[in-house]
Amino acid sequence: MWQTWAEAHAAVNDLPPVLFVASVLFDLAGTWTRHESLKAAGFWTVLLGAVGAVGAVATGLMAEDTIDHGESIHEAMGPHKTWAITVTVLFGVLALWRLWRRGALGGKEWAAYLVLAAFGAAIVTRVAHLGGNMTFRMGAGVPTAVMQQQIKERAEGHHHHGEEGDAHADHDDEDHGAAAVDSGGPAAHTDSASGRVSRPGTPPQHGQ
């Protein structure tokens, strides 16, 4: 199970972007095809996305005060947190709007909803991008001791199983070749006059 708030945040923070974007796509498809089932899917995904966003923001705020980080990560946290809270509020309002209207939005009201939802989908995509930068480019959420250990291991290098097998095979081939020579076994010989290499067991050829 999760040992830190950063791990808990990482486990839930992918849910809102996926659901919010899916909600917009379902609603647009339902509007285009006039299939109410698609709009119903958009309704449920925006509700679940709003709930997931609350969980993502809550775990993110807890992780902010507990993870090891430097100045660059601290600065990156600002816009990430601001936009995350903003999009959570926005989709919360959109979800409540549809609950209040029981999904019966039409005309200009529905058009306004779609515009706001599309805007929110763009924001949540930006939030995910900022979070990804902090994690994969700055190492946010990785304890300092773990990061130092990883730096040490990378400096020492590593071998994949396939590479190790190839290395052993090459080493064995060299050993077998050397053993054949050392044991006095048949080996190719070269005619000093012609420079021709003869196979083992072939008598030297002269006068050619």
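Coordinate-derived values only; no laboratory data. What you are looking at is a predicted structure, and each value in this text was computed from that prediction instead of being measured. Cβ placement follows ideal geometry from the backbone for every residue including glycine, while neighbour counts extend to all protein chains displayed.
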What list of ³J(HN,Hα) couplings, whole Hz, do you get for the range 143-155 from phi and the Karplus terms 6.51, -1.76, 1.60, once you set θ to phi - 60° and write x for glycine and proline? x, 4, 4, 5, 4, 4, 5, 5, 4, 5, 5, 5, 5
Mean projected area (nm²) of the alpha-carbon convex hull when the range 1-143 is viewed from all directions: 8.8 nm²
Over the alpha carbons of the range 28-68, what is the largest minus smallest coordinate on each principal axis, giving the biggest first in Å? 50, 13, 7
Going by Cα centres, the range 32-59 and the range 62-82 are how many Å apart? 28 Å
Taking the highest mean first, how do the peptides 16-28, 145-157, 61-73, 97-109 order by number of other beta carbon atoms within 10 angstrom per residue? 16-28, 61-73, 97-109, 145-157
